[in-house]
Amino acid sequence: MKVPIEWLNEFVVIDIEPEDLAKRLTMRGLEVEGLEKLAPRFSGVIAGTITRIDAHPNADNLSVCSINTGREELTVVCGASNISVNDRVPLATVGAALGQDFVVGRRKVRGIESFGMLCSEKELGLTDDHSGIFILPDTVTPGSVLADLSIAHDTVLDVSVPPNRGDCLSVFGIAREVASILRQKAKLPNFTLQAYGDGRAEDEIDLAIHDTNACPRYVLKLIKGISLAPSPFWMRRRITRSGMRPINNIVDVTNYVMLELGQPLHAFDFERLTESRIEVKVAQGSSNFRTLDSIDRPLETGDILICDGSGPVAVAGIMGGENSEITGATKNMALESAYFNPFSIRATARRLGIRSEASLRFEKGIDIDNVGYAAERAMYLMHELAGGTVVKGQREIFEKRESRTIYITYSNINGLLGTHISRDAVTRALRSIDLHITKEDENGFIVSVPNFRHDIGETADIIEEISRIHGFEHIPDTSPVSVLKPQKLTRKERFLNLIKEYCLGTGFYEIINFSFFSVKDIENFLIPGDDERSRYVPIMNPISRDWGVMRTMMIPSVLRCMAYNLNRGAKNLRFFEKGKVFFRESAGGISERTMLCFAITGRQKEYSWKERHPDYDFFDIKGTIEGLMERLGVSCQVGATTEPFLDHGRGADIMIDGIKAGWAGAIRDDILQLYEIEQTIYCAELRFDIILEKGNLTLQYKPIPRYPQSTRDFSFYVDDGVPIAILVEKIKGISPLIVSVGIFDMFRKEMRSVSMRVVFQSYEDTLTDERINALQEQIIGELTKIDGISLRA
Amino acid sequence: MDISGLKEKIDSEVSRIGNIEDLKRVKVSILGRKGLFADYIDQLKTLDKDLRRDAGKAINEIKSWADVRLGELEKHFNDIERQKREQASLIDITMPGTTPVFGKKHPITLTLEEIIRIFASLGFAVAEGPDIETEFYNFESLNIPSDHPARDMQDTFYIRPGVVLRTHTSPVQIRTMEAQLPPVKIIAPGSVYRCDNDISHTPMFHQVEGLMVDKNVRFSDLKGILSIFIHDMFGPDTPLRFRPSYFPFTEPSAEVDIGCVICRGQGCRVCKDTGWLEILGSGMVHPQVFRNVGYDQEEITGFAFGMGVERIAMIKFGIDDIRQFYYNDIRFLSQF
Ligand SMILES: [Zn+2]
């Protein structure tokens, strides 16, 4: 909320600097987000009196004015029509600067020399009003330098009012807090409402409320014989500085009183109210209603309606109807000041999509005890500004409520805050914000809560008030009294830590993507309808179609990320992501699963002066997974894959204990093209839940063998149809003395030739050549028994 | 037995050694199994006891002397050889080295781990919850009523009525309190979602929620714990302030600000000229939240806090566009 300090000063004496005030409001919980210093954006402007106005001899719409500045008489050509002799006006003399870059010069206007110009409020940067010349109050003496006058200066605080503090949505509401800070008491505006005439409002207008829960208080007052006109400068300036736009004196007064006291008001053309009656009803069923902005609004059951004898004339608290609005012809006016149920207003405002200054205040809850006062205040101002006669009396329905009381003990307060605030200080703090202690005992007291504080309902609310008035900076920093218990890492954390450590050590950059992707991604990856990855969870209100559903697989976002980098000149990438995927389950359930995704492309390094690094291939991604699994104590195997998006020459499923835990391989090039990627990408995606279940991080020492190892090399011709893994497994199975089987060469001439190195090791003794030779024969025998394998001599 | 002239003989042979091959040959001819000394030692056996002792002593002295001479010479030739080899393999040490490959953690992870480390050292355990939450856990149970503006479709992603992408990690508070009795001391890191996408908002971001519930947990404890956190995270001299604020699920509520790291409190664009940066929200758990989970709010109290991980990372690393975290540009990632 924007609060001009000049206005605030009317209710409380601001005897500190605006910066200090802003800081202290902020530390009270009313954060001042901005502090706008209004300084004159002009120079060389002085006040003058118009002594003479003549028509311009050469132009119909110009006049030639004589201006007395107290020292001299100057001739000025002027185009405005709102001026008359004896008006006090701002005169920008020759050399005056207006705004950033306009300097007033001496110039001839249609043959007549003009020694300066008369200014509008807009030209002086005071308001947006450019309809005519700014007429100064008579109290300004001719010759005064305008930049020195108080009207050119102010500071506007931009206060961020917390959503529960509707009572601070007015200058007076802020003044109450400021008064508490400055140890003063905020004073309401002082005025005397003069009502005349024989009639009484009670005789002229009827009022009925059908549901006092929807509207517990409604006040109607009448004023007759008003004339619509622009508001005076002081009111327009305050309204403008508060962020609203001046319209005319009647509308401006309703806005002004709302800004001043927080009470939204509504003005009806009294003559247009059928049967001179107002009924507050709650709508039953749907209908349409044309609001004053000429839009037909759909009304629904539960909306609060203000009706006359023929039907709705306003949607309560939100907007008036076209049928009863004030027009230029309005003479007699009925003013509504009321309290509407905040929940109803909020529901209607939300449904209609109207968030007005009025509905905002009704939604937060206004001061029900202030409804009558605000009506009188508005009547007084309207009479001052628009003339007419205020009709005596009023129509009012007010269903009074019990005021809330709360019992609280001093140990409640100091116990929760960790403080030693004295009883006196507590009482003083509460009294400063109009929370009064009605009853006291040795432990605590009963406090009564004023009706404008909708946020206070229980002891915690009272403690909050005391804490912020006491000042958070005066509450000590303490350590909790409970014993500090060290926290063990969970199994999941230990696994994730190891995985991250592994990825870092193996050159992977971690990436983080959004959890959403597009249905198109599922199509791109050719996921069949019966695959769980096509059971996506859609978002009702996505930001865009690209992020329309929760992702069911990681790889599409990882590919996008690779494409992003490849497009920007990177060629060699190693990415890894840990993230969640989401699936729709039967019966409306949703499951979440943590996944690991790896993607590599290019080669380890673009170049090196020593050697050329080979391009990544399938075995790089496979090795990455194998190394990780070994690190986590998981034994995994590869199997033929059916993943539709993998290049089937270079893809595999990753199996753990016969369960598919993921896949690894090259993504099909036609799919890569959909992501605008032209180079081969090797990826793997793994289910973290399975790894977590099957993994083993137990560390257990095994004695280091005391006897030497022996090695033997073998070469076999192996048919392409025989997987090498079968040879390795076969050899390993021959004897526990065989501790490792490695492949150190593979080439293809007419047949595939594979060379293997087998390591023999005993924990009991040194293996003799005879024993190793026997094992060697056994290996050759067992392997050559297999179809498609023969020994290479 | 005549050993006179032996020393001179050896000396003259040794002085004629010109290279390592000569040395090896001479060494064998003098000290070898069939060398010069072997002869003498054979002859010693023929002498009688007294003479043998004296002659043996003299021979041993000459032998030790010869050992040292030849040893020195060997070292000399080895040094020359090494120098030659080193000269031959001279490299340009200014050529670039071969760095091992290494990866990097995402800055969000770095920041998250740092936050978790600090709170773990203060006795907080990590707790988790689902990303897709019910409105009950995300809103109602946290005292956010159904007509609260935060629940608009403009702010919250809906999966279907009643089910949302969590807008904060606070639901983990509720899930944890429902599952266990006090004392509770947890932090809950995770992804959260809001309908926003601009220079300072991404539709997904990360939060860490904290909750401590026990007998006699005080607002002053909240201040103490969060001060320790901030001074560990941003340095011991970081100015900080607790400022009254409003959250539906805490009361009293406090916003925690740190002195602007850009302008050091002088006021700049980043801190909107206030000299302060909002870093986290916190407060004493609202009694209604305790009632919602069936805790006896007369018996126990607690505090909760929540912070945006990206925001902390942005302040710590000086990042000015939150979307950078999610482009995953290698030129960005490699900086951390
Ligand atoms: Zn700053």
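The values are calculated or read from the model by the stated rules, or taken from the named source; none is laboratory data. Keep in mind it's a predicted model, so treat the numbers as computed, not measured. Here the Cβ positions follow ideal geometry from the backbone for every residue, glycine too, while neighbour counts run over all protein chains shown. When the accessible area is computed, the model is the full protein with side chains, heavy atoms only, and any ligands, DNA or RNA have been set aside. Shrake-Rupley method; radii C 1.70, N 1.55, O 1.52, S 1.80 Å.
Quick notes on this one:
- Pairing each residue of region A:468-491 that is at the interface with chain B (Cβ under 7 Å from one of its Cβ atoms) with any residue that is part of a loop (DSSP other than H, G, I, E, B) and of a type in the set (Ser, Thr, Tyr), provided the two are 6+ apart or on different chains, yields C-beta distances under 6 Å for A:475/A:419.
- In region A:485-497, the count of residues that are assigned to a helix (DSSP H, G or I), touching a Gly at 6+ places or on another chain (Cβ under 8 Å), assigned by TED's automatic domain parsing to the domain that holds residue A:662 and at pLDDT 95 or above is one or more.
- When residues of region A:747-773 are limited to those that are open to solvent by 60 Å² or more (accessible area, probe 1.4 Å) and assigned to a helix (DSSP H, G or I), the one nearest to residue A:715 (Cα to Cα): A:773
- Filtered residues of region B:302-327 (kept if without any contact (Cβ under 8 Å) to a residue 24 or more places away in the chain and within 14 Å of chain A (Cβ to nearest Cβ)): B:324, B:327
- Yes/no for residue B:237 being away from the ligand (no atom under 13 Å from the Cβ), closer than 30 Å to residue B:174 by Cβ, more than 10 Å from chain A (Cβ to nearest Cβ) and not small (Gly, Ala, Ser): no
- Only listed residue being at positive phi and either open to solvent by 60 Å² or more (accessible area, probe 1.4 Å) or not assigned by TED's automatic domain parsing to the domain that holds residue A:229 (or both), chosen from A:294, A:276: A:294
- Tally, over region B:215-234, of residues that are touching a residue at least 40 places away in the same chain (Cβ under 8 Å), surrounded by fewer than 19 Cβ atoms within 10 Å (Cβ to Cβ) and within 7 Å of another protein chain (Cβ to nearest Cβ): 1
- Only listed residue being away from the ligand (no atom under 16 Å from the Cβ) and in a helix (DSSP H, G or I), chosen from B:295, B:326: B:326
- Count of region A:589-607 residues, restricted to those that are open to solvent by 40 Å² or more (accessible area, probe 1.4 Å) and either touching a Cys at 6+ places or on another chain (Cβ under 6 Å) or within 9 Å of chain B (Cβ to nearest Cβ) (or both), is 4.
- Subset of region B:258-272 [part of a loop (DSSP other than H, G, I, E, B), open to solvent by less than 20 Å² (accessible area, probe 1.4 Å) and more than 6 Å from the ligand (Cβ to nearest atom)]: none
- Filter pass, residue B:255 being more than 16 Å from the ligand (Cβ to nearest atom), more than 9 Å from every other protein chain (Cβ to nearest Cβ) and not polar (S, T, N, Q): no
- Among (1) within 16 Å of the ligand (Cβ to nearest atom); (2) in contact with a helix residue (DSSP H, G or I) (Cβ under 7 Å, 6 or more places away or on another chain); (3) of a type in the set (Gly, Ala, Ser), the one test that residue B:275 misses: (2)
- First in region B:274-286 and more than 9 Å from chain A (Cβ to nearest Cβ) and in contact (Cβ under 8 Å) with a residue 40 or more places away in the chain, second anywhere and open to solvent by less than 10 Å² (accessible area, probe 1.4 Å) and within 12 Å of the ligand (Cβ to nearest atom), Cβ under 9 Å, 6 or more apart: B:279/B:257; B:279/B:258
- Single match in A:268, A:191 (criterion: touching a helix residue (DSSP H, G or I) at 6+ places or on another chain (Cβ under 6 Å) and farther than 17 Å from residue A:336 by Cα): A:191
- Hits in region B:81-139 (condition: free of Cβ contacts under 8 Å to residues at least 40 places away in the same chain, assigned to a loop (DSSP other than H, G, I, E, B) and under 20 Å from residue B:189 (Cα atoms)): B:130, B:139
- Filter result for the condition that a residue is more than 16 Å from the ligand (Cβ to nearest atom), in contact with a helix residue (DSSP H, G or I) (Cβ under 6 Å, 6 or more places away or on another chain) and either of a type in the set (Phe, Trp, Tyr) or assigned to a strand (DSSP E or B) (or both), over B:303, B:290: B:303
- Yes/no for residue B:42 being part of a helix (DSSP H, G or I), in the same structural domain as residue B:75 (by TED's automatic domain parsing), of a type in the set (Asp, Glu) and open to solvent by 80 Å² or more (accessible area, probe 1.4 Å): yes
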